[in-house]
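**Q** Mind looking over this structure? Questions follow.
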Amino acid sequence: MTPFPRETLRPLTPYRPDRRPIAVDLSDNTNRWGAHPGALEVVRAAGAHELTRYPSVYGDGLREAVSRRFDVPLEAVSTGCGSDDLLDSAFRAAGDAGESVAFIPPTFSMVEIFARMNGLEPSPVSAEEACDPTALLEGGPALVYLCRPNNPTGEVAPRDWVERLVEAAGSGGPVILIDEAYADFSDDTFLREAVDFARTLVLRTFSKAYGLAGLRVGYAVGHPDVVREVEKARGPYKLSRLGESAALAAFEDIEGWVPRVVAEVRREREYLFEELDARGLSPLPSGANFLLLPLPKGDSQEATARLREGGVAVRPFPGLPGIGDAIRISIGPRAEIDQFLRTLDEVLA
Ligand SMILES: *Cc1c(COP(=O)(O)O)cnc(C)c1O
């Protein structure tokens, strides 16, 4: 008998978050203000050739636009079917079976899944140990994953801490992956620096600030030596034709829709923070489009179920290391935040 599937895949279970439809969905950090209007127009105007023809092989249209916008070389840019695709490809490019991926929990839940999908070992390092960033390099991981701002806490790792990590890893260390899915909301990025750092890759997405999660478009900027290998591991035709055209339309609108939405997200994030604080609750400070609310006495699954009965979806996080039970609330327009707060008051009463 030939074993099937391979042994390291067997313990994996498919990712199945609660996606049941609901009036106010604050559970997945997608854009509650809608999709970029320019992208929507491209999709609406699409003809048959957008569907019948293959897309560009490596998303060169979008690569050129990213290269121009950030003034980085074309060879420093890659694209993918969502930034998840680039995460997956970077794992595959960096590690042989059995090697490890270091990260600081709690962080993006897909990291452990992508590690195991690629036959790699997740290697969590506690936040306490990681006060010294070199703790992430112990044991010689193939890759270090850092989410900045971090999902689900919203925390933005200090710049000098990241610089110490990159410097300690040097040109002979692991690939340092900086996931900037939420950097649009914090205005703090390593995108340009990554080109000169050895073995560093910054990931960006159109799924959050641009409102295009359904189209699956992401890009990466990093050292050309890293980008070249990630593109090999990624493979051709990952960016859909329509996805690339729509993302381009949104991306080239520099002064328009995205900065306005980002400003609103920040305003509503501040409002929700203050409202929770006024109720004696302690949300974590966030640089992203969500807040994490620890529930010191509560059960996050139960709180989430009761909020759902009130028509609001949030994401439960049971037993987070160093935090305990918590719920993550995506930021939406004022009416949605107010409905969340009214429902929360009933749940807490
Ligand atoms: C939402 C999110 C992404 C985006 O993934 P896409 O595949 O681009 O939709 C990436 N990283 C983190 C941490 C996220 O929360």
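The values are calculated or read from the model by the stated rules, or taken from the named source; none is laboratory data. Since we're looking at a predicted model, the values are computed, not measured. Backbone-built Cβ (ideal geometry, glycine too); neighbour counts: all protein chains shown.
**Q** Would it be correct to say that Thr134 is among the β-branched types (Val, Ile, Thr), at pLDDT 95 or above and in a loop (DSSP other than H, G, I, E, B)?
**A** Criteria not met by Thr134.
**Q** Here is a follow-up. Taking Gly82 as the residue in question, decide whether it is in contact (Cβ under 8 Å) with a residue 60 or more places away in the chain and more than 18 Å from Tyr219 (Cβ to Cβ).
**A** Answer is no for this residue.
**Q** Let me ask another. Examine segment 226-239 for a residue that is surrounded by fewer than 22 Cβ atoms within 10 Å (Cβ to Cβ) and touching a strand residue (DSSP E or B) at 6+ places or on another chain (Cβ under 8 Å), and state whether such a residue exists.
**A** Within segment 226-239, none of the residues are surrounded by fewer than 22 Cβ atoms within 10 Å (Cβ to Cβ) and touching a strand residue (DSSP E or B) at 6+ places or on another chain (Cβ under 8 Å).
Conditions tested, residue by residue: (1) within 17 Å of the chain's Cα centre (by Cα); (2) surrounded by fewer than 24 Cβ atoms within 10 Å (Cβ to Cβ); (3) farther than 30 Å from Leu26 by Cβ; (4) within 16 Å of the ligand (Cβ to nearest atom).
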| position | (1), (2), (3), (4) |
| --- | --- |
| Thr79 | yes, no, no, yes |
| Gly98 | no, yes, yes, no |
| Thr107 | yes, yes, no, yes |
| Met117 | no, yes, no, yes |
| Asp132 | no, yes, yes, no |
| Gly140 | no, yes, yes, no |
| Leu146 | yes, no, no, yes |
| Glu155 | yes, yes, no, yes |
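**Q** Residues in segment 187-196: is at least one among the hydroxyl-bearing types (Ser, Thr, Tyr), away from the ligand (no atom under 13 Å from the Cβ) and closer than 28 Å to Phe317 by Cα?
**A** From segment 187-196, those among the hydroxyl-bearing types (Ser, Thr, Tyr) are 189; that's our starting set.
Checking the rest, the ones that are also away from the ligand (no atom under 13 Å from the Cβ) come to 189.
From what's left, closer than 28 Å to Phe317 by Cα: 189.
Yes, because at least one residue in segment 187-196 is among the hydroxyl-bearing types (Ser, Thr, Tyr), away from the ligand (no atom under 13 Å from the Cβ) and closer than 28 Å to Phe317 by Cα.
**Q** Going by the structure shown, is Arg164 basic (Lys, Arg), over 17 Å from Val101 (Cα atoms) and away from the ligand (no atom under 16 Å from the Cβ)?
**A** Working: basic (Lys, Arg): yes; over 17 Å from Val101 (Cα atoms): yes; away from the ligand (no atom under 16 Å from the Cβ): yes.
For Arg164, the condition - basic (Lys, Arg), over 17 Å from Val101 (Cα atoms) and away from the ligand (no atom under 16 Å from the Cβ) - is met.
**Q** For segment 157-187, name all the residues that are surrounded by 22 or more Cβ atoms within 10 Å (Cβ to Cβ) and farther than 28 Å from Ser207 by Cα.
**A** Scanning segment 157-187 gives a single hit, Ala169.
**Q** Is it the case that Leu242 is in contact with a Leu (Cβ under 9 Å, 6 or more places away or on another chain) and outside the structural domain of Glu64 (by TED's automatic domain parsing)?
**A** Working: in contact with a Leu (Cβ under 9 Å, 6 or more places away or on another chain): yes; outside the structural domain of Glu64 (by TED's automatic domain parsing): no.
It is false that Leu242 is in contact with a Leu (Cβ under 9 Å, 6 or more places away or on another chain) and outside the structural domain of Glu64 (by TED's automatic domain parsing).
**Q** Something else now. Within segment 207-250, restricting attention to residues that are polar (S, T, N, Q) and assigned to a loop (DSSP other than H, G, I, E, B), which residue is farthest from the ligand (Cβ to nearest atom)?
**A** Taking segment 207-250 as the starting set, the residues that turn out to be polar (S, T, N, Q) are 207, 240, 245.
Narrowing the set further to residues that are assigned to a loop (DSSP other than H, G, I, E, B) leaves 207, 240.
Working: Ser207: 3, Ser240: 13 Å.
Selected residue: Ser240.
**Q** Condition test on Glu41, is it more than 14 Å from the ligand (Cβ to nearest atom), under 29 Å from Arg315 (Cβ atoms) and out of contact with any strand residue (DSSP E or B) (no Cβ under 8 Å at 6 or more places or on another chain)? Break it down into steps so the answer makes sense when it comes.
**A** On the way: more than 14 Å from the ligand (Cβ to nearest atom): yes; under 29 Å from Arg315 (Cβ atoms): no; out of contact with any strand residue (DSSP E or B) (no Cβ under 8 Å at 6 or more places or on another chain): yes.
Answer is no for this residue.
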